[in-house]
Amino acid sequence: MPFKVDNYLLIDNDSEFSRQFTEHYFGQASTPSTLVVAGINTRQLVKLMFDELIKDYCYCDFNNEISVSELASYLHEHHDIAGVLFNQTDYLLADDNQRFIFNSLHSVRFLVNEIDGGYHFEPVTEQAQNNHLSCQDDIAETPLDLNALNEKINS
């Protein structure tokens with residue numbers, strides 16, 4: 001049974017990988033893409049969206065926790081992300097700080113590896129972190145009532 005990449009966040013650290021991956025899954029698809037991509041190469045991300053290979057994109061500098069926190073808030077408010085997809089090579093080469101950020105994005109995370117013209121998905125075995133960088137948690141929600149948030153935090 002093929003892996004369904006619907007409603008996932010793809011981390012774009014390698015634009016060539018992201019292009020090939022999205023073309024493989026959505027290049028000839030009869031249904032529109034539900035994939036959201038985040039990265040720093042907005043020119044590439046806009047092209048993916050223009051080619052209808054992704055549903056949405058968001059700029060994110062994964063070396064900057066403020067940028068990642070803003071990504072988490074945006075995803076929490078505008079998308080129902082089922083999990084995060086990482087290029088296996090990028091994930092394995094990441095330093096400890098980068099891995100902490102990656103493992104904070106969502107509790108459901110998969111490493112993606114290209115094999116023989118297809119893709120293999122392997123669950124990330126490292127423990128997930130639930131914090132201000134997580135897009136599936138209410139922590140990422142930007143409340144409208146800041147007084148209520150203040151009371152919640154200080155209670």
Near LEU111, within a Cβ-to-Cβ distance under 11 Å, what is the net charge of the other residues, with Lys and Arg +1 and Asp and Glu -1? -2
Residues with amide H under 5 Å from that of GLY83, placed H, sequence gap 5 or more: LEU9
Relative contact order of the chain, please, whole-number percent, based on alpha carbon pairs below 8 angstrom and at least 6 residues apart. 21
Could you tell me which trypsin sites (Lys or Arg not before Pro) in segment 2-108 are loop residues by DSSP with no more than 12 other beta carbons within 10 angstrom of their beta carbon? LYS4
Go through segment 96-110 residue by residue and turn each phi into a ³J(HN,Hα) via Karplus (6.51, -1.76, 1.60, θ = phi - 60°); whole Hz please, and just put x for glycine and proline. 4, 5, 5, 5, 4, 4, 4, 6, 8, 5, 6, 6, 9, 9, 10
Accessible area of segment 10-89 with a 1.4 Å probe: how many percent of it is carbon plus sulfur? 46
If you build a Gaussian network model of the chain, linking Cα atoms that sit under 10 Å apart, which residue out of GLY117, GLY83, GLY27 swings the most? GLY117
Under 15 Å by backbone N from the virtual spin label 7 Å along Cα-to-Cβ at HIS120, the residues of segment 1-41 are 3
Here the percent of antiparallel bridges among DSSP beta bridges lying wholly in the chain, to the nearest 5, is 30
How high is the relative contact order of segment 33-113, in percent, counting Cα pairs under 8 Å that sit 6 or more residues apart? 24
Given springs between every Cα pair under 10 Å in a Gaussian network model of the chain, which of GLN44, GLN129, GLN28 has the largest fluctuation? GLN28
Okay, helix-only estimate at 222 nm for the chain: each DSSP H run of n ≥ 4 adds -39500 (n - 2.57), divide by all residues, round to 500 deg cm²/dmol; what do you get? -11000 deg cm²/dmol
Helix 15-26: inclination vs the chain longest Cα principal axis, degrees, rounded to 10, gives 80
Net dipole in debye of the chain [+1 Lys, Arg Cβ; -1 Asp, Glu Cβ; about Cα centre; nearest 20]: 200
Please check: in the Gaussian network model of the chain (C-alpha springs, under 10 Å), which one of ASN64, ASN41, ASN131 has the largest mean-square fluctuation. ASN64
Classify segment 21-77: rounded, prolate or oblate, from the alpha-carbon gyration tensor (a ≥ b ≥ c, eigenvalue square roots; a/c under 1.5 rounded; otherwise prolate if a/b is larger than b/c)? prolate
Report, please, the projected area of the chain averaged over directions, based on the convex hull of its C-alpha atoms, in nm². 10.2
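The values are calculated or read from the model by the stated rules, or taken from the named source; none is laboratory data. Since this is a predicted model, take the numbers as computed values, not measurements. Here Cβ is always computed from backbone atoms with ideal geometry, including for glycine, and neighbour counts include all displayed protein chains. The accessibility values were calculated without ligands, DNA or RNA, using every heavy atom of the protein model including side chains. Shrake-Rupley method; radii C 1.70, N 1.55, O 1.52, S 1.80 Å.
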